[in-house]
1. Which one of the conditions (1) within 11 Å of ligand 2 (Cβ to nearest atom); (2) under 30 Å from G120 (Cα atoms) does K99 fail to meet, given that it meets all the rest?
2. For the stretch 98-123, enumerate the residues that are in contact with a Ser or Thr (Cβ under 9 Å, 6 or more places away or on another chain) and under 18 Å from C13 (Cβ atoms).
3. Look through the stretch 20-35, keep the residues that are in contact with a strand residue (DSSP E or B) (Cβ under 9 Å, 6 or more places away or on another chain) and not in a loop (DSSP other than H, G, I, E, B), and return whichever of them is nearest to ligand 2 (Cβ to nearest atom).
4. Pick out the one residue from K72, K77, K66, K113 that is within 16 Å of ligand 2 (Cβ to nearest atom), at pLDDT below 95 and under 23 Å from I18 (Cα atoms).
5. Where in the stretch 51-112 are there strands (runs of 3 or more DSSP E), lying fully within it, with 1 or more residues that are of a type in the set (S, T, Y) and either farther than 20 Å from D142 by Cβ or within 16 Å of ligand 1 (Cβ to nearest atom) (or both)?
6. Do we find that A136 is surrounded by 14 or more Cβ atoms within 10 Å (Cβ to Cβ), more than 14 Å from ligand 2 (Cβ to nearest atom) and over 20 Å from C19 (Cα atoms) in this structure?
7. Looking at the stretch 74-118, which of its residues are among the small types (G, A, S), out of contact with any Pro (no Cβ under 9 Å at 6 or more places or on another chain) and surrounded by 12 or more Cβ atoms within 10 Å (Cβ to Cβ)?
8. Find the residue count for the stretch 69-83, including only residues that are on the phi < 0 side of the Ramachandran plot, of a type outside the set (A, V, I, L, M, F, W, C) and touching a residue at least 40 places away in the same chain (Cβ under 8 Å).
Amino acid sequence: LSFDYPRNVRFLCNKCAICCGDTEERDRSILLLRIEAKRTAQKTQKATGEFAEKIEGSEPYVYRMKKTRDGKCVFLKDSRCSIYDIRPLICRFYPFQLKKVGSRELVFAYTNKCLGIGKGPRLKRSFFEKLFKESARIMAEDTGKDLSE
Ligand code: SF4
Ligand code: SF4
């Protein structure tokens, strides 16, 4: 598998936590792989149904994180992620997302809704490579297949 990435994009997360919930403009959908839901349940000692709901049609994602009444992720506490070490891939990727182009190539896209876009250093290939490898590793754990082959 190969991937392409945006050249000349700057990014520095300011920890505003806007990506951890809904805004007036859009609903944030925080999707989880099966393995991510399982790990979150183990780590938090909660039943999966307490923090996520089952979904269909978004495979490999099979759960959606629940939100509080004010539209925030249930794990956002005092503007911080309370499961940071095991947060879902979707959260690790934000504001980036891997999109499939054609049959083989994957391209990193990003959203300008993130306040960190345009700030900080210009991102190098190594930044995207790290995300890509992390994604391949977790997907492989989730499916039991080595996607790097
Ligand atoms: S919206 Fe962007 S800047 Fe704010 S916490 Fe999320 S990734 Fe960081
Ligand atoms: S899991 Fe953590 S990083 Fe992801 S949306 Fe919830 S609070 Fe934010």
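1. Failing condition for K99: (1).
2. Of everything in the stretch 98-123, those that are in contact with a Ser or Thr (Cβ under 9 Å, 6 or more places away or on another chain) and under 18 Å from C13 (Cβ atoms) turn out to be K113, I117.
3. For the stretch 20-35, the residue satisfying everything is C20.
4. Being within 16 Å of ligand 2 (Cβ to nearest atom), at pLDDT below 95 and under 23 Å from I18 (Cα atoms) holds for just one of K72, K77, K66, K113, which is K113.
5. Fully inside the stretch 51-112 and qualifying: 105-110.
6. When the stated conditions are applied, A136 passes them.
7. Passing the criteria: only S82.
8. Looking only at that region, the number is 3.
The values are calculated or read from the model by the stated rules, or taken from the named source; none is laboratory data. Here the structure is a predicted model, which is why all the values come from computation and not from measurement. FYI the Cβ positions are ideal-geometry reconstructions off the backbone, even for glycines, and counts take in every protein chain you see.
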